[in-house]
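Beneath this line is the structure, given in structure tokens, with notes to follow.
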Amino acid sequence: MTKEGTQIGTGSAVFTIIAPGLIEQRHLPDSSLDERTLERCRTARRKLANGLPFALLIIVPEEVPVDAASTNHDHYRMESDDRSIVALAVVTSSEAMSAVTKFYFRYYQRSFEVRVFDDEMEARNWLIDKLSEV
């Protein structure tokens, strides 16, 4: 994995290595969660991880819409199959986004644990704990 503090962007999200083995994916308020955006995010994560397993913190602002069609595709299947994600935490302050995220990850099963949070620090701490178990 590239060094801590390394950052790249896709136009819809900023990716930062915030600790060894921990990638933050922070969506910009004017982005949307659609097929194209989610694929660019996967590509950016793989680039930052440089072939090493990682924990992922995704932060989605309340105003970011979800394209309904994008929920019909398992966007994390490749990362689940190759075991590149150790654990995934999604942080959102919107009850609607929280419900959509929980439903999505119940429908598409993973090889890694997923939790949805409304507190960013709690999510980070959970991921750090998960990394220590690896």
- Note on the structure: Gyration tensor on Cα atoms of the range 1-49, a ≥ b ≥ c root eigenvalues, a/c under 1.5 rounded, else prolate if a/b beats b/c, else oblate, says prolate
- Item | Straight-distance crosslink candidates among lysines, where the alpha carbon sits under 24 Å from Lys3 and sequence neighbours closer than 8 are dropped | Lys47, Lys130
- Item | Range in the chain, longest, excluding exposed trypsin sites (Lys or Arg not before Pro) [loop by DSSP; at most 11 other beta-carbon atoms within 10 Å] | 4-82
- Query: Which one is right for this structure if log10 I(q)/I(0) by the Debye sum over Cα atoms at q = 0.13, 0.16, 0.18 Å⁻¹ is calculated from it: (1) -0.65, -0.90, -1.04; (2) -0.57, -0.80, -0.95; (3) -0.48, -0.76, -1.00?
  - Reply: (3)
- Item | Sites excluded, GluC sites (Glu not before Pro) in DSSP loops with at most 11 other C-beta within 10 Å, longest stretch of the chain | 63-132
- In which sequence would Leu48, Leu57, Leu131 go, from the one with the fewest C-beta neighbours within 10 Å to the one with the most? Leu131, Leu48, Leu57
- Report the relative contact order of the range 7-132, percent, no decimals, based on alpha-carbon pairs under 8 angstrom and at least 6 residues apart. 24 percent
- Query: For the chain, modelled as a GNM with alpha-carbon contacts under 10 angstrom, which of Leu33, Leu52, Leu88 fluctuates the most?
  - Reply: Leu52
- Dividing the helical contributions, -39500 (n - 2.57) per DSSP H run of n ≥ 4, by the residues of the chain yields a 222 nm value, nearest 500 deg cm²/dmol, of -10500 deg cm²/dmol
- For the chain, share of DSSP beta bridges that run antiparallel, in % to the nearest 5: 35 percent
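All of the numbers you see were taken from the coordinates with simple rules; none came from a lab. All values reported here derive from a predicted model rather than from experimental measurement. Neighbour counts run over all protein chains shown; Cβ positions are idealised from the backbone, glycine included.
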